[in-house]
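A short write-up of the structure that comes next.
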Amino acid sequence: MNFIIRSEEKGDDGSILALHQSRLGPGRFAKTSYRIREQADSDIISSCVAIIDGEVVGSVRQTWVYFKPSQACLFLGPLVVDQKSSSLGIGQALLIAAIERAEDLGAKAVILIGDHLYYQKVGFEIAHILGHAIDFPGPVDHKRLLIKNISLKHNELLEGKMTPDNKNPSHK
């Protein structure tokens, strides 16, 4: 089956939320990552969907977060793919597209909470091993707090509270 990846559009929201419900369930709201998502909307410009036969079968959303004004990053997630399409490589394609958008939009890094074995395939590393000290609004297993460097300078670390923001830094 062929799929296409495109930018998320406002009309996709209902399909995306249905995917979230079917794949992640109501327990998703209890996760620490949702504390970030409650404070700012996802950025439609950096978020993507996968389409098969006109139907949304996958989605990845990103939210702008800051550590200081010069450290604008994207917080990735949730990444979801419809169960019947889960073996087609859609998740990896969505990740690659999201990273490319982060690069194009000037993000310093992409941050997520997830399984290192899965995400390392596209360059994510465990944040605390690299020296980053990111404060979340709830508990986080630090082995699952991952970062993909986009344009952080050598020895530039993300430290302190991660602050969500609805604004793309290029629009400030």
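Just so it is clear, none of the values below were taken in a lab; they were calculated from the coordinates. Nothing here was measured: the structure is a model prediction, and the numbers come from that model. FYI the Cβ positions are ideal-geometry reconstructions off the backbone, even for glycines, and counts take in every protein chain you see.
Observations on the model:
- Relative exposure of Tyr66, Tyr119, Tyr34, judged by other C-beta atoms within 10 Å (fewest first): Tyr34, Tyr66, Tyr119
- Here the residues Met1, Met162, ranked from fewest to most Cβ neighbours within 10 Å of their Cβ, fall in the order Met1, Met162.
- Value in Å of the Kirkwood radius, where region 46-100 supplies the Cα pairs that are averaged: 12.0 Å
- Footprinting exposure proxy for Asp115, Asp12, Asp53, Asp43 (fewest neighbouring C-beta atoms within 10 Å first): Asp53, Asp115, Asp12, Asp43
- Altogether, the Stokes-Einstein calculation at 37 °C and 0.692 mPa s, with the Kirkwood radius of the chain over Cα pairs as Rh, returns a diffusion coefficient of 203 µm²/s.
- Charge dipole (the chain, unit charges on Cβ, about Cα centre) - positive-most of Ala93, Met162, Gly14: Met162
- Put a dot 7 Å past the Cα of Ile4, heading toward its Cβ, do the same for Asp104, and the two dots end up 1.4 nm apart.
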